[in-house]
Every structure is written in structure tokens, then in C-alpha cells.
């Protein structure tokens, strides 16, 4: 399972919203935490003014002191014996990826909308680059513009979208481990639909029968997966299936269930759609108000 939790921060309240969730993960999994703030040299250069005694070195030293103090304050939210504060210079996404890659069992946890006065961590920028390039698992939390608190949030359930492929199912061993350690309810979800090549034809005499057949197959598939998870020691496992193509079904289910996060593979595929970055994962992360755990399938 995971041996370290890497939490990139930028000093903003929006980026700090990840802390409400990761505190429960760190406690339940009993893993050390590494708080990281990255200082971009290019941004520091724009704030320097040698003529006024504000050289790059001076500005960088000031920022390092400020960042160290900031992270030390945040560290008080965690077990002091299991938290480390790191301030580094470089491109944020590169530093995050490199530090995490030193241990393949490091879980990166970050907000998708962190802002500070000198940099912005947005989905489509740092978070997107980390998701595209990191080989580590990633826990993304979409921060809201509303002022949040650092109140710890302990998830009660995990929604696991499956598409019938072996790649998508690679998330399941991690879900089993998390469910046992965090006492989670597991909800397996399968959204099925007719192939687009068939629906494009229009009217088909056997369309209803074909839909019924797909529904029956989806039901059998989910029942088998529920059985397998229960055989692994999980008691609170259920399933739900929906007909359609819209990822809103995934987002809606999690939204209707308080204290929920979504767990899915980055490279799940089926014959009728691909669950990859730029498709289902992007939409779920971008629009879901719940955390999304992304497993990097090999």
C-alpha cells in the first residue's frame, strides 16, 4: 500500500482544502506526511529589482523563510513525529513528480485549484501535468471558492466506476485495502450503453431486446465483482448500474452520498469508450465536488 503522503501546497486557502481529507488518510493508513512548497525561480525573478536591493537571491531567501514558517504551521495539524516540511526551487510539477517518483508507493494529494500571489495551481496546469506524467497514485480534491475550514473529513464510502475491463479493475486491490483500514462502504458502479455504431443507425427492431441483454450482462458482471470483494473480507459492498454515456451518473452518485470519494483507474478501456485523461477522469475531477483517487494502471 502507500508508504508516504506527499502534499503540495502554495500558501493559499484554496490549496489548503486538501488538508481536510488527507488528515484522515494519514491517520488511518499510519503513513508519514511530507508537506511541500515549490518556489518557481522564474516567478521570483519577476519580483526582484537589483537597483532597489531586491536581488533574486534576496527575494528567494525571503520566500524560503516565509514558506518554511508557513509549512511549519500547517504541520501542527499532523502527528509531529510523522510530518516533514520541504521547500524547494524549481518548476512545481517537475519537483512534485520527481519527489514522488523516489518511492513508487507515495500517494500525491493536492487540490486542483490552488492560488497564491505568485503562482496558480489549476486543473489544466500543474495538477494536469502531474496527472499526465506522474507514475504515482494521485488524490485530487477540487477546491471551491467558498472559504473552507480545516475540519477533518473522514470518508465513509468509496464509489468505484468499472467498465468491464481488466485495466479498470486494477483499482480494486487498492480499494479493498483502503476499505479495510478506513472502514469504508464500497459501491461498485457500471454505466453501460449500446455501442455508438448501433445507435447511429436509428430504429432497430431488436433494440429493446439488445438493451435488456446488455443490462443482464452488466448485472451479472457486478454481482460477480461484489462476490469477489466479499470473499476478500469486505462486508459492506454493493453495486449500482446505470444506462447511458454521461459521466454525470458517476458524479451524481457520489454527490448524493455525503463523505464519499471516487476511485478509478487512469487507463480503463472498454469496447464502447475509453476511460482516459481528457475523457471520464477529466470530467469527474473537473466537476465532482468529491475527492478522486486515481490509480495509475500499468
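In the range 57-83, the residues that are on the phi < 0 side of the Ramachandran plot and at pLDDT below 95 reach residues that are assigned to a helix (DSSP H, G or I) and crowded, with 16+ Cβ neighbours inside 10 Å with C-beta atoms within less than 6 angstrom, at least six apart or across chains, in these pairs: 59/44; 60/44.
Residue count for the range 247-266, restricted to those that are assigned to a loop (DSSP other than H, G, I, E, B), over 16 Å from residue 185 (Cα atoms) and more than 14 Å from the chain's Cα centre (by Cα): 1. Out of 283, 242, 183, 232, one residue alone is surrounded by fewer than 20 Cβ atoms within 10 Å (Cβ to Cβ), at pLDDT 90 or above and at negative phi. It is 232. With respect to the conditions (1) at pLDDT 95 or above; (2) in contact with a helix residue (DSSP H, G or I) (Cβ under 6 Å, 6 or more places away or on another chain); (3) in a helix (DSSP H, G or I), residue 6 lacks only one, and its number is (3). With the requirement that a residue be part of a strand (DSSP E or B) and more than 22 Å from residue 25 (Cα to Cα), what does the range 63-112 give you? Across the range 63-112, the qualifying residues are 87, 88, 89.
Here is a check on your reading of the model: is residue 196 surrounded by 14 or more Cβ atoms within 10 Å (Cβ to Cβ) and modelled with pLDDT under 75? In short, no.
The values are calculated or read from the model by the stated rules, or taken from the named source; none is laboratory data. Please read these numbers as outputs of a predicted model, since none were measured by experiment. Note that we place each Cβ from the backbone using ideal geometry, even for glycine, and neighbour counts take in every protein chain shown.
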